[in-house]
Every structure is written in C-alpha cells, then in structure tokens.
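Below is one structure, written out as structure tokens; comments come after it.
Every number in this text was worked out from the coordinates using simple rules, so none of it is lab data. Computed from a predicted model, the values in this text were never measured in an experiment.
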Amino acid sequence: MALWRGKSSLILASQSSARKMLLANAGLDFQAIAADIDERSVQAASGLSDPREIALLLAREKAKAVSAHHPTAYVIGADQTLALGEHLFSKPAGRVQAMAQLRDLAGNSHELNSAVAVAQDGQIVFEDISIARMTMRQMTEAELSAYLDAAGQTVTSSVGAYQLEGLGIHLFERIEGDHFTILGLPLLPLLAFLRRERLVAV
C-alpha cells in the first residue's frame, strides 16, 4: 500500500540504490531523478571545510537542481560525507586508493554525516543532518587485501571503500548511529516532516 498522500509528486534526487530501497520500504511512491550537479565544483566554490556543512550544502543543491525542473513536486536531496578527524574522504578511484583509505580508517573511529533536504518550487522547506560514529577494527595488510579481493569493484562506489549492508560489515567492531544514517538518508526526521505536512497516511 502506497502511503503518499501529497497532491504533488515525490521525487528522490538520486539514483542511489540504498536510498531508493529505504523510501520504497517505507511505502512511499516516488520517482528517482539524479541531480545534474558537479558536487566537487559546488563544494570547492562554497569554501566550506566542515563535513556536516558540506553534506547539507550538497543535499540542498541536489534538491534544488531537480526542483527547478519539477517545481510542484516535493524533491528529496541527500548527501553523505565521511570524516576521520579533519580529513574528508572521497570515493576511491581504484584498488590502490581503496587500500589507502582502509589503512587510514583501520583501528580508528570516523563519522558519517548524512544530510537530507526537501525542496519545493526551488526553495528548501526542510533539512536535517544525522551523524553515525563508526569504529573499524585493526587489520593486517593481508586482511585488507582479502577484503578488497572479496568486495571487488564495489569498493569504488562508496566513500571509505565499504558498504555496510554488504561485505563491509566485516570491517567493523563498533557502530553508533541508526541504520538509515549509515545508508545515507536520515529517514526518521524526513518521515516526521512528511507527517507534519500531512503528506503520508500514517
């Protein structure tokens, strides 16, 4: 049963399989349309360095970019940053970079900053950010290589070279934060906003 009750449509400004799964499992009827923005250029032009502010900025810009072409729709933008102290990570370009990221993360705690923003008619009407703290276990070079062998090319699709919903779970000894934040969409605050606006049936 679809729970969406808005007179306007709901759009996810992303083709992320994890984010699409979360919205679909929550019973929401939506379209997925990737935002056509250059994230790194937007980030560079902003001059921001705080990982939380960067995640919020990119979530807003994605939502507004799609909203510009679908003004009546409610458009959800989302972004996630990974920070180890003051160091901000990007998706690894290949196995060498993935290994370097894992070496840095192993034995340490890092933060995932997941932001969500909703736009309508080009204006942001809601935003939120949630944080998860992830502690990766200490690993030998052989263990890291074995993980990279098993995970294959999927390591290049996620910042930090892991997907927690897959083989990446083997890398961790402690996780603090909710499942939705880790997967890149703060779903609970988003649903609370939709309920306040009477856009969902429950």
Problem set entry | Potential extension, residue 91-residue 148 segment - 0.36 nm per residue separation minus Cα distance | 19.1 nm
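Per 0.36 nm of contour for each residue apart, how much would the distance between residue 173 and residue 202 grow if the chain were fully extended, relative to their Cα-Cα spacing?
This chain segment gains 6.9 nm when fully extended.
Please give the direction-averaged projected area of the C-alpha convex hull for the stretch 32-173, in square nanometres with one decimal.
8.7 nm²
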Problem set entry | Debye intensity ratio in log₁₀ form over the Cα atoms of the stretch 1-49, taken at each q of 0.15, 0.28 Å⁻¹ | -0.54, -1.01
Seminar exercise, completed: Relative contact order in percent for the stretch 9-91 (Cα pairs under 8 Å, 6+ apart) equals 34 percent
Seminar exercise, completed: As a percent rounded to 5, the proportion of antiparallel DSSP bridges among beta bridges in the stretch 109-202 is 100 percent
Problem set entry | Percentage relative contact order, the stretch 39-128, counting C-alpha pairs under 8 Å, at least six apart | 37 percent
Exercise. How big is the stretch 115-202 on each of its three principal axes, counting only the C-alpha atoms and giving the largest first in Å?
Worked result: 52, 25, 21
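Taking only C-alpha pairs under 8 Å that are 6+ residues apart, what is the relative contact order of the chain in percent?
23 percent
Add -39500 (n - 2.57) for each DSSP H run of 4 or more in the chain, then divide by its residues: what number comes out at 222 nm, to the nearest 500 deg cm²/dmol?
Helix contribution divided over all residues of the chain: -10500 deg cm²/dmol.
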